[in-house]
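Colleague: Mind having a look at this structure? Questions to follow.
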Amino acid sequence: MIAKLTLCVFLCFISLVVAQETYPEYSYPSVFSEPGRDLLIAGKFPADFIWGSATSAYQIEGGWQEDDKGLSIWDTFSHNGRIYNNQNGDVACDSYHKYEEDVALLKNLGVSYYRFSISWPRVLPNGTVDYIDEAGIEYYNNLITSLLDNGVEPMVTLYHWDLPQFLQDEYGGWESDELVDIFNDYADLMFERFGEKVKYWITFNEPYVVCWLGYGINVFAPGIYDPGAAPYRAAHTIIKAHAKAYHTYKQKYSSYGGKLSITLSTDFGIPEDPNKPEDVAAAERYMQFTAGWFAHAIFKNGDYPDTMKWQVGNKSMAQGFEESRLPEFTEEEKDEIKGTYDFFGLNSYTSTVCRAEVDTGTEPNYEGDQDMQRYQPDEWPTSTSSWLRPVPWGLRGLLNWVKNEYNNPDIFITENGVSTALDSGTEDEERVTFYRAYINEVLKAIEQDNVKVKGYFAWSLMDNFEWTSGYSQRFGLHYVDFDDNDRPRTVKTSAQWFKDLIAYNGFEEGYSAGNLVQQNFVICILSSVLITLFVSLRL
Ligand code: PNW
């Protein structure tokens, strides 16, 4: 008897050990399983770490003609059939009418911040302060008040891509220098009206996407195809507009004590062969042409990265231009732009592999200017968005790159998330896997690399209008039924997971712990029962 029992206990112990070993502590074990890089760690985030979730106006609000709202370039673009299945944001998640439900979702999640954007044409129908639509102002006032009443702080983005159509028609959008002052007037009004309650401001969301997809290759609104010059002109205006709004805030509203910056996006560029200096340089060029395009001036010295000036300048000369397609800042402008930030807003979703390759095309092109080819290896995990392959360790690499490049700024990850398919429901294990892996890398960056990440915003609070993909790609922590006129929201598995993470403020001990230990425990019990049965029958 004793011998049998001892044997059972011994076998149980072995099965536990085996279970521990068979359950990998990697999130994408079949692809990323370098122990030094990909093992999940346990630990807590700093006590004052900010957890939030994010959305943007055009993607959720609907109410496209409510009150005196003017048209935005995205209203026009989507009504021109440029979206999957001819969809548009006319109703979207109907947050214009259902914002209180959104606030309830946020409260239930336990986030302390909500990042949303203001629709410029909703408050200024033609984009200028000549006419203010007070009903639009009222909407944001109600939203902000409701957030604060429920213990959620607002982080407000002024420009998440929905330019008033009037400014596109009248001035040619961001290609015109006139938008510097017009944007500044808009920003000034928003600071005046909401500054007392809003302590975090973001001028522009992802200007790289605005300039390249909107002005370079006609993929996003306003739908301009001019890959060699328009993106550089648009970026030039945006950088100046950002700087001007920053100074307006500091000069007129500093008593509110808020913080202001810009949110930049880039994939993390990885050299194809890290032992080849050309590839290392190509990956660095990619980073400078995407993040550095905006960050170098704002976070460093008021000017574009040297590599951009050199590359675009030389290509322009070879193409017969009299001057570089990359505009120049005056010394005065450089002084005005330098240092216009209180933190670094970073959106990141994925990584990309870069290889040096001299561009032989003769047409002027922002991508050709980089003398670089990039791709995502087939073996990387996939999502529903073709451009988005989960590479958790890439986020840590990117955070370190920002730290080293821009003198260790406070960083807010203002967006990170993953898409699932149209018919994916509320049980979104893929999203849990993604968040667990990515947020764990943020923890590593803070604990092991001393990167000053101060907050993390999950994109997105709920499924919404995913630009040209319409409603076919779901990024939400909450499910939205777009076939139902009421646009009901339902909690997904990932929302519950995120809520638990926030409540604990990190990954529980033995995180290998969390799920895994529980699974191991169950396996251990089951195998003991089986082994006991087997042993008692046999012996
Ligand atoms: C960001 N790309 O956009 C935006 O800030 C969000 O509005 C958007 O919903 C989210 O990411 C998910 O896409 C991106 O094609 C849009 O590489 C497109 C790309 C990247 C980011």
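Colleague: Which residue is nearest to the chain's Cα centre (by Cα), if the candidates are limited to region 350-409 and must be open to solvent by less than 20 Å² (accessible area, probe 1.4 Å) and of a type in the set (Ser, Thr, Tyr)?
Modeller: Thr350
Colleague: For the condition touching a Phe, Trp or Tyr at 6+ places or on another chain (Cβ under 8 Å), within 29 Å of Gly394 (Cβ to Cβ) and buried (at least 23 other Cβ atoms within 10 Å of the Cβ), what is the one hit in Gly43, Gly52, Gly89?
Modeller: Working: Gly43 fails: buried (at least 23 other Cβ atoms within 10 Å of the Cβ); Gly89 fails: within 29 Å of Gly394 (Cβ to Cβ).
On inspection, the qualifying residue turns out to be Gly52.
Colleague: Hey, does region 244-261 have a residue that's within 16 Å of the ligand (Cβ to nearest atom) and either among the charged types (D, E, K, R) or open to solvent by less than 50 Å² (accessible area, probe 1.4 Å) (or both)? Let's see the steps before the verdict.
Modeller: Keep residues of region 244-261 that are within 16 Å of the ligand (Cβ to nearest atom), which gives 261.
Applying the additional criterion that residues be either among the charged types (D, E, K, R) or open to solvent by less than 50 Å² (accessible area, probe 1.4 Å) (or both) yields 261.
So far as region 244-261 goes, yes, one or more of its residues are within 16 Å of the ligand (Cβ to nearest atom) and either among the charged types (D, E, K, R) or open to solvent by less than 50 Å² (accessible area, probe 1.4 Å) (or both).
Colleague: List the number of the failed condition for Tyr232; all other conditions in (1) open to solvent by 10 Å² or more (accessible area, probe 1.4 Å); (2) touching a Leu at 6+ places or on another chain (Cβ under 7 Å) hold.
Modeller: (1)
Colleague: Separate question: Return a yes/no flag: does region 207-229 have any residue that is in contact with a Ser or Thr (Cβ under 6 Å, 6 or more places away or on another chain) and under 12 Å from Tyr159 (Cβ atoms).
Modeller: no
Colleague: For region 316-366, which positions are part of a loop (DSSP other than H, G, I, E, B), closer than 19 Å to Ala295 by Cβ and among the acidic types (Asp, Glu)?
Modeller: Scanning region 316-366 gives Glu328, Asp342.
Colleague: Just wondering, is there one or more residues in region 160-171 that are under 24 Å from Glu100 (Cβ atoms) and surrounded by 22 or more Cβ atoms within 10 Å (Cβ to Cβ)?
Modeller: Here is the first cut: in region 160-171, the residues under 24 Å from Glu100 (Cβ atoms) are 160, 162.
Now narrow it down to the ones that are surrounded by 22 or more Cβ atoms within 10 Å (Cβ to Cβ): 160, 162.
Scanning region 160-171 turns up at least one residue that is under 24 Å from Glu100 (Cβ atoms) and surrounded by 22 or more Cβ atoms within 10 Å (Cβ to Cβ).
Colleague: Quickly run through region 367-395 and pick out the residues that are touching a residue at least 12 places away in the same chain (Cβ under 8 Å), part of a loop (DSSP other than H, G, I, E, B) and away from the ligand (no atom under 14 Å from the Cβ).
Modeller: The answer is Asp371, Pro377, Glu379, Trp380, Pro381.
Colleague: Can you name every residue in region 389-419 that is farther than 20 Å from Phe289 by Cβ and hydrophobic (A, V, I, L, M, F, W, C)?
Modeller: Hits for region 389-419 are Trp393, Ile411, Phe412, Ile413, Val418.
Colleague: Of all residues in region 473-496, count the ones that are open to solvent by less than 40 Å² (accessible area, probe 1.4 Å) and away from the ligand (no atom under 12 Å from the Cβ).
Modeller: The number of residues fulfilling the criteria is 9.
Colleague: Would you kindly identify the strands (runs of 3 or more DSSP E) lying entirely within region 187-290 that contain at least 2 residues that are more than 24 Å from Thr145 (Cα to Cα)?
Modeller: Working: elements: 200-205, 259-265, 268-271.
Counting at least 2 such residues, we get 259-265, 268-271.
Colleague: May I ask you to list the residues in region 201-222 that are open to solvent by less than 30 Å² (accessible area, probe 1.4 Å) and away from the ligand (no atom under 15 Å from the Cβ)?
Modeller: Result: Trp201, single match.
Colleague: Just need a number here: residues in region 285-307 that are more than 21 Å from the chain's Cα centre (by Cα) and either open to solvent by 10 Å² or more (accessible area, probe 1.4 Å) or touching a residue at least 60 places away in the same chain (Cβ under 8 Å) (or both).
Modeller: Residues meeting the conditions: 6.
Colleague: Contact list please: Cβ distance under 7 Å, first residue in region 346-358 and of a type in the set (Ser, Thr, Tyr), second residue open to solvent by 10 Å² or more (accessible area, probe 1.4 Å) and within 9 Å of the ligand (Cβ to nearest atom), pairs at least six apart or on different chains.
Modeller: Within 7 Å, the pairs are Ser348/Ser265; Thr350/Asp267; Thr350/Trp387; Ser351/Asp267; Thr352/Asp267.
Colleague: Please enumerate the residues belonging to region 443-502 that are under 16 Å from Val432 (Cβ atoms) and free of Cβ contacts under 8 Å to residues at least 24 places away in the same chain.
Modeller: Gly476, Gln496, Asp500
Colleague: Suppose we filter region 49-107 for residues that are of a type in the set (Lys, Arg) and either within 30 Å of Ala445 (Cβ to Cβ) or within 16 Å of the ligand (Cβ to nearest atom) (or both); how many remain?
Modeller: Result for region 49-107: 2.
Colleague: If you take the residues of region 410-428 that are under 20 Å from the mean Cα position of the chain (by Cα) and surrounded by fewer than 20 Cβ atoms within 10 Å (Cβ to Cβ), which of them is farthest from the ligand (Cβ to nearest atom)?
Modeller: If we take residues in region 410-428 being under 20 Å from the mean Cα position of the chain (by Cα) and surrounded by fewer than 20 Cβ atoms within 10 Å (Cβ to Cβ), then Asp410 is farthest from the ligand (Cβ to nearest atom).
The values are calculated or read from the model by the stated rules, or taken from the named source; none is laboratory data. None of the values given here were measured: they were computed from a predicted structure. Using ideal geometry, Cβ is built from the backbone for each residue, glycine included, and neighbour counts are taken over all protein chains shown. Ligands, DNA and RNA are stripped out before the accessible areas are found, and what is left, the full protein with its side chains, is counted by its heavy atoms. Shrake-Rupley method; radii C 1.70, N 1.55, O 1.52, S 1.80 Å.
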